[in-house]
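J.: If you scroll down you'll find the structure; I have some questions about it.
The values are calculated or read from the model by the stated rules, or taken from the named source; none is laboratory data. Since this is a predicted model, take the numbers as computed values, not measurements. For neighbour counting, all protein chains shown are included, and Cβ atoms are generated from backbone atoms with ideal geometry for every residue, glycine included.
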Amino acid sequence: MDFHHISVMPEETVSGLVTDPSGIYVDCTLGGAGHSHLIADRLTPSGRIIGIDQDEEAIAAARERLRDCSCRIDIVHDNFRHLDAILAAQDAPFVDGVLFDLGVSSHQIDTAERGFSYMQDAPLDMRMDPEATFSAYDVINTYSEDELDRIFHDYGEERWARRIAKFIVQARKDRPIDTTGALVDVICRAVPKAVRESAGGHPAKRIFQAVRIEVNDELGILKNAFESAVHHLKPGGRIAIITFHSLEDRIAKQTLKTMASGCICPPELPVCVCHHHPEIRLLGKPRQASKEELRENSRSKSAKLRLAEKLPPYDDKEKEGR
């Protein structure tokens, strides 16, 4: 199977994640198994990888790529929003590392019929799980003007959100907008020509991002998934999160920061009432792709890698005795 995807910051990610060559590692976004194969290279036969993906094409490619690995490989067709249930079913309540490589894969973008790309005309789809029933077609053709404005503004940070939403609602009165090309045409008519020519990027880019996020609930599942991953880590285990745009990175940053904090009470309170203790420690500042990687893979430009390590359980009695 021709499944093309270039993993971002592979060495930095895997070297920061793997601490025990006999450990259990969870790849929540298996894709073509680029990161997982590198993890497997660092594991002994007693090590284990649990790979999760909702795309059957990605799973088929991953099985092929990982078939020569000596460690145990278990692949699950599911969404990482169900991480608790997945690890329970795999009899792996505590693991040594969890990886999230967020966003859409190169393969999904480059496969025209998946409908992720504004550069190729195809059915309006954008489902990461092809078995899902809700698609970009439903968003564009059934959402109200206010709902479209909201997702374009919130998920695409699009300046012309309201105008684009209005043009879409008007255009679909004549016939459904059922292809990426038709949607791009409406967007280009909605954005003033002077803006299109001076913006420096395709006017449909932010809208396609927003619709994709809405279709797959990409942001809604992140906070709980990150927290769940940390709760399943052994002390000393690590979580690695690769983000590709500011919205998902903000959630990663805030979630990890809160979990690495002590008291989170409002500053105006004279004493702590939250009794919150840090669960993790952050491992340095977010990392970005090197100049060499950027030359080889332009899609790594916006990527950020965040790493954190699980702390031992907090012992109140021990702390009070010191």
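J.: Find the residue count for region 1-57, including only residues that are in contact with a Lys or Arg (Cβ under 6 Å, 6 or more places away or on another chain) and among the basic types (Lys, Arg).
T.: Residues meeting the conditions: 1.
To keep it simple, each residue is scored yes or no on (1) assigned to a loop (DSSP other than H, G, I, E, B); (2) modelled with pLDDT of 95 or more; (3) in the same structural domain as ALA88 (by TED's automatic domain parsing).
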position	(1), (2), (3)
GLY201	yes, no, no
ARG206	no, no, no
LYS234	no, yes, yes
LEU256	no, yes, yes
CYS263	yes, no, yes
PRO270	yes, no, yes
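J.: Show the residue pairs meeting these rules: Cβ distance below 7 Å; 6+ apart or different chains; first residue within region 146-166 and farther than 18 Å from GLU218 by Cβ; second residue basic (Lys, Arg) and part of a helix (DSSP H, G or I).
T.: Qualifying pairs under 7 Å: ASP149/ARG162.
J.: Further question: Condition (residue is farther than 30 Å from ILE241 by Cβ and buried (at least 16 other Cβ atoms within 10 Å of the Cβ)) applied to region 211-218: is it met by at least one residue?
T.: no
J.: Please enumerate the residues belonging to region 208-232 that are under 14 Å from VAL139 (Cβ atoms) and assigned to a helix (DSSP H, G or I). Please lay out each step first, then the result.
T.: Restricting attention to region 208-232, the residues satisfying the condition of being under 14 Å from VAL139 (Cβ atoms) are 208-218.
PHE208, GLN209, ALA210, VAL211, ARG212, ILE213, GLU214, VAL215, ASN216, listed by residue number.
J.: Name the single residue that is modelled with the highest pLDDT among those in region 97-125 being of a type in the set (Phe, Trp, Tyr) and within 19 Å of the chain's Cα centre (by Cα).
T.: Filtering first and then ranking leaves PHE100.
J.: When the residues of region 30-59 are narrowed to those that are out of contact with any strand residue (DSSP E or B) (no Cβ under 8 Å at 6 or more places or on another chain) and touching a residue at least 40 places away in the same chain (Cβ under 8 Å), which ends up nearest to GLU218 (Cα to Cα)?
T.: In this case the residue turns out to be ASP55.
J.: Restricting to region 236-254, count the residues that are under 26 Å from ASP20 (Cα atoms) and part of a loop (DSSP other than H, G, I, E, B).
T.: 0
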